[in-house]
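The values are calculated or read from the model by the stated rules, or taken from the named source; none is laboratory data. Remember, it's a predicted structure, so these values are computed and weren't measured experimentally. All Cβ positions, even for glycine, are placed from backbone atoms using ideal geometry, and neighbour counts span all protein chains on display. Just the protein is used for accessible areas: all its heavy atoms, side chains included, with ligands, DNA and RNA removed. Shrake-Rupley method; radii C 1.70, N 1.55, O 1.52, S 1.80 Å.
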Amino acid sequence: MSESTPITPDPNPSEVLESVAINPSEQAITTSDRSAKTRQMLGMKGASTGETSIWKIRLQLMKPITWIPLIWGVVCGAASSGNYTWTLENVLKVAACMLLAGPLMTGYTQILNDYYDREIDAINEPYRPIPSGAIPLPQVIIQIWVLLIAGYGLAFVLDVWVGHEFPTITAIAIIGSFIAYIYSAPPLKLKQNGWLGSYALGASYITLPWSTGHALFGELNSTIVILTMFYSLAGLGIAIVNDFKSVEGDRQLGLNSLPVMFGITTASWICVVTIDVFQGLIAAYLVSIHENLYAAILVLLIIPQITLQDMYFLRDPVKNDVKYQASAQPFLVLGMLVTGLALGHAGV
């Protein structure tokens with residue numbers, strides 16, 4: 001056997017440790033970069049720039065973070081039908097409906113909005129794909145059409161799948177795409193008016209996916225449509241929250257969002273009052289149809305929203321808009337599901 005080579009200790013161990021140690025500031029920068037890239041992919045405020053993958057850029061345009069409320073709306077609609085059962089076919093129907101409401105129709109809406117808002121985004125969110133020049137406009141237009149046609153196609157497939165004589169889901173998809181167009185595009189451009197634009201957005205996030213989920217498993221009726229349109233007045237408050245991040249660009253380009261019309265403080269109070277009051281009125285309706293337990297649960301879910309409004313939103317709505325939505329909206333969307341279950345239980 002040969003002799004083993006002796007191991008000589010390093011005379012300066014501290015230098016070795018320093019050479020492999022992670023600089024805390026560099027680690028913070030890496031974490032910050034990772035967070036910015038995540039925000040970029042989800043379509044959130046505070047994203048980074050420099051993405052080169054065309055497919056990641058296309059996904060960023062579709063703002064995946066905005067799909068969640070509409071996907072949840074489908075679940076609430078299925079609950080309000082009172083007919084959902086846990087079978088493989090029903091799970092597949094819901095999954096297809098979520099694909100329709102989220103990636104396809106919401107994705108279409110978000111890209112359409114970015115296309116017509118490219119001048120505003122150049123001021124408020126220059127890291128977005130269009131103002132940053134990450135994707136050419138002709139490719140944006142193609143993606144808009146692909147998502148819209150795919151959405152119509154899937155909606156019709158769902159109508160055939162559930163045996164609708166009248167293509168209810170396709171009609172909802174057409175109505176939703178039309179609202180998205182007049183919300184973003186001139187000459188109407190509803191978002192130029194703080195009240196109309198915010199309500200159109202709120203109704204799109206609540207009434208349309210809820211009605212779609214209900215129609216998937218039951219017969220869509222006027223009561224459900226009216227109740228969800230009323231619930232959308234709480235959604236109007238959520239839509240106003242989104243306006244605070246773009247107040248400077250809206251002011252420069254003459255868009256009358258509520259923060260521009262009434263100022264930051266007054267608009268923030270309008271926002272929280274609409275969120276809380278209309279949920280409370282929905283709870284009162286549940287009491288009127290003798291769904292007292294569900295009404296009580298809904299009220300309990302409103303209380304933490306009021307607390308978080310005071311902690312974050314009312315103190316600085318421009319700085320804390322994302323933090324507020326992340327902390328408070330789970331209670332709002334749980335309240336929507338509670339309402340859906342109550343309506344299904346009552347057979348409305």
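Numbers at a glance
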{"quantity": "Subset tally (residues that are within 30 Å of V94 (Cβ to Cβ) and either among the acidic types (D, E) or at pLDDT below 95 (or both)) for the range 120-178", "calculated": "2"}
{"quantity": "Members of the range 281-301 that are loosely packed, with under 15 Cβ neighbours inside 10 Å, under 18 Å from T228 (Cα atoms) and not hydrophobic (A, V, I, L, M, F, W, C)", "calculated": "S288"}
{"quantity": "Near pairs, Cβ below 6 angstrom, 6+ apart or cross-chain, from the range 114-141 (under 24 Å from G254 (Cβ atoms) and of a type in the set (S, T, N, Q)) to any residue that is modelled with pLDDT under 90 and surrounded by fewer than 18 Cβ atoms within 10 Å (Cβ to Cβ)", "calculated": "S132/T49"}
{"quantity": "Residues of the range 83-104 classified as part of a helix (DSSP H, G or I) and either at positive phi or of a type outside the set (G, A, S) (or both), total", "calculated": "13"}
{"quantity": "Matching option when the condition is over 30 Å from H345 (Cβ atoms), within 21 Å of the chain's Cα centre (by Cα) and among the small types (G, A, S), among A200, A234", "calculated": "A200"}
{"quantity": "Which listed residue, of I172, I182, I224, is within 17 Å of G340 (Cα to Cα) and not small (G, A, S)", "calculated": "I224"}
{"quantity": "Residues located in the range 271-307, provided they are over 16 Å from L337 (Cα atoms) and not in a helix (DSSP H, G or I)", "calculated": "I289, H290"}
{"quantity": "Listing of helices (runs of 4 or more DSSP H) fully contained in the range 107-209 that carry 3 or more residues being surrounded by 19 or more Cβ atoms within 10 Å (Cβ to Cβ) and out of contact with any Asp or Glu (no Cβ under 8 Å at 6 or more places or on another chain)", "calculated": "107-116, 137-162, 168-184"}
{"quantity": "Residue list for the range 142-171, restricted to those being aliphatic (A, V, I, L, M) and touching a residue at least 24 places away in the same chain (Cβ under 8 Å)", "calculated": "I144, L147, L148, A150, L154, A155, V157, L158, V162, I169"}
{"quantity": "Checklist (1) in a helix (DSSP H, G or I); (2) more than 19 Å from I149 (Cβ to Cβ); (3) open to solvent by 20 Å² or more (accessible area, probe 1.4 Å) applied to A78, failing item", "calculated": "(3)"}
